[in-house]
Amino acid sequence: MRPYDFITIDFETATRYYRSACSIGIAAVQDGTIIDTYYSLLQPPELEFSPENIAVHGISPEMVANSPTLDEIWPEISHFFSSSLVIAHNATFDISVLKRSLCWYSLPNFKYVDSVSIAKDYVSGSKSLDNCARQLGIDLGHHHNALDDAISCAKVVLCCLSRSGLSNIGQLCFAKENIKIHNMADLKTQEMFALSSSQKTSPKYSYVSPKSVTPSHHCFNCQHPLYEKAIVFTGELCISRAEAMQLAVDVGARVTSSVSRKTDYLVVGKQDLSLVGSDGLSSKQEKAYELNNQGKANIKIVSEDDFLSLVNQGVGV
């Protein structure tokens, strides 16, 4: 199969961290027509969500609890990026999400273009995706649904190409000085992105990767109740998540991001009722209870105080 003329992509994220992708949409264009699409909900690290982000796209932790992570679906979608031009609306954001989420992969150094620059000569006023769609007579569908936005982006590009009178996207990119073709490898990404002025100044939780937390020493008490135990945290703790993780690994425990049959302890903090279900349980709690009830695991569900007691005093619960 020959390369697509171009593909458009869109991500929604769970927090202000670029690596917190919770959905992806892809539209592939060939000969002026969208011939292929892809959509998936994604499970972000720690299943942590910011209320501000949920308010934008409507995706909640419960909706993605059983979804794949972006790295798990990468083998399935990597062919889209192998030899086609990649276009996104406000492309720095979407390419940063891809790059930060898959930093351990050897990504192809694809070329990408921001559709905002393509729309410049054909849309007046704001170059937001909804305004571009409105002025160009494009049905936006459900804005902030990743696939609908990817499709809308593709239609914006095709409409601009049609109005330019040029034959293909390559001619359009080279004909307009304001359209810059970038190399993915050259993009320098930060950990987080700025919130818009209408959003709050900080996410509910600050993401800390379990892999980034290492013991401060290597001499452990093998009799400690948490030694070599797998621990998962959920909810807001009185101490920071990073501090809690550090306490755990310093007594020889293993901190993981999701509940599984191998989990020994689930430490439960205060839950945000706007994020959890009517029962007040996070998706991690529900998974732990489900595994326990099915006899597939024996997960001890403890409070923050119980956890600190175990760490500091070595007293079982």
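The values are calculated or read from the model by the stated rules, or taken from the named source; none is laboratory data. As the structure is a computational prediction, the values presented were derived from the model and not from experiment. Cβ placement follows ideal geometry from the backbone for every residue including glycine, while neighbour counts extend to all protein chains displayed. What goes into the accessible areas is simple: the full protein's heavy atoms, side chains included, and nothing from ligands, DNA or RNA. Shrake-Rupley method; radii C 1.70, N 1.55, O 1.52, S 1.80 Å.
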Query raised in the report: Say R0 is 51 Å: what FRET efficiency, to the nearest 0.05, do residue 130 and residue 223 get from their beta-carbon distance?
Result: 0.25
**Report entry** Residue range of the chain that is longest and free of chymotrypsin sites (Phe, Trp or Tyr not before Pro) which are both DSSP loop and sparsely packed (at most 14 other C-beta within 10 Å)
**Finding:** 106-226
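Starting from 0.36 nm per residue, how many nanometres of slack lie between residue 187 and residue 56 once their C-alpha separation is accounted for? Walk me through the intermediate numbers first.
Details: separation 131, 0.36 × 131 = 47.16 nm, distance 2.59 nm.
Length difference between fully extended and current span is 44.6 nm.
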Report summary line: A 1.4 Å probe over the protein heavy atoms gives the stretch 1-81 a carbon and sulfur accessible-area percentage of 48
Report summary line: Given pairs 188/270; 211/296; 99/180; 99/176 and cut-off 30 Å on Cα-Cα distance, the over-length ones are 188/270
Query raised in the report: Under a 1.4 Å probe, what is the accessible area of the chain per residue, stated in Å²?
Result: 48
Query raised in the report: ³J(HN,Hα) across the stretch 283-295 via Karplus (A = 6.51, B = -1.76, C = 1.60, θ = phi - 60°), whole Hz, x for Gly/Pro?
Result: 4, 5, 4, 4, 5, 5, 5, 4, 5, 5, 5, 7, x
**Report entry** Phi to ³J(HN,Hα) by Karplus 6.51 cos²θ - 1.76 cosθ + 1.60 over the stretch 91-96, Hz, x for Gly, Pro
**Finding:** 4, 4, 5, 5, 5, 5
Query raised in the report: What list of ³J(HN,Hα) values in whole Hz, one per residue of the stretch 235-245 in order, does the Karplus curve 6.51 cos²θ - 1.76 cosθ + 1.60 (θ = phi - 60°) give from phi, with Gly and Pro shown as x?
Result: x, 8, 8, 5, 8, 6, 4, 4, 5, 4, 4
**Report entry** Difference of contour (0.36 nm per residue) and Cα-Cα distance, residue 63 to residue 177
**Finding:** 36.7 nm
**Report entry** Accessible-area value, residue 189, 1.4 Å probe, nucleic acids and ligands omitted, Å²
**Finding:** 30
Report task. Taking 7 Å along the Cα-to-C-beta vector as the label spot, tell me the residue 238-residue 90 distance in nanometres, rounded to one decimal. Result -> 3.9
Query raised in the report: Magnitude of the Cβ-charge dipole of the chain, K/R +1 and D/E -1, about the Cα centre, nearest 20 debye?
Result: 520
Query raised in the report: If one takes the longest principal axis of the Cα atoms in the chain, at what angle in degrees, from 0 to 90 and to the nearest 10, does the Cα axis of helix 146-164 lie?
Result: 20
Query raised in the report: If R0 is 25 Å, what FRET efficiency do you get for residue 209 and residue 82 from their C-beta distance, rounded to 0.05?
Result: 0.30
Requested in this report: Would you pull out the residues with amide H under 5 Å of residue 226's amide H, same chain only if 5 or more places away, H placed 1.01 Å from N?
Outcome: none
Query raised in the report: Can you list the residues of the stretch 47-71 with backbone N under 20 Å from a point 7 Å past the Cα of residue 103, pointing along Cα to Cβ?
Result: 47-50, 69-71
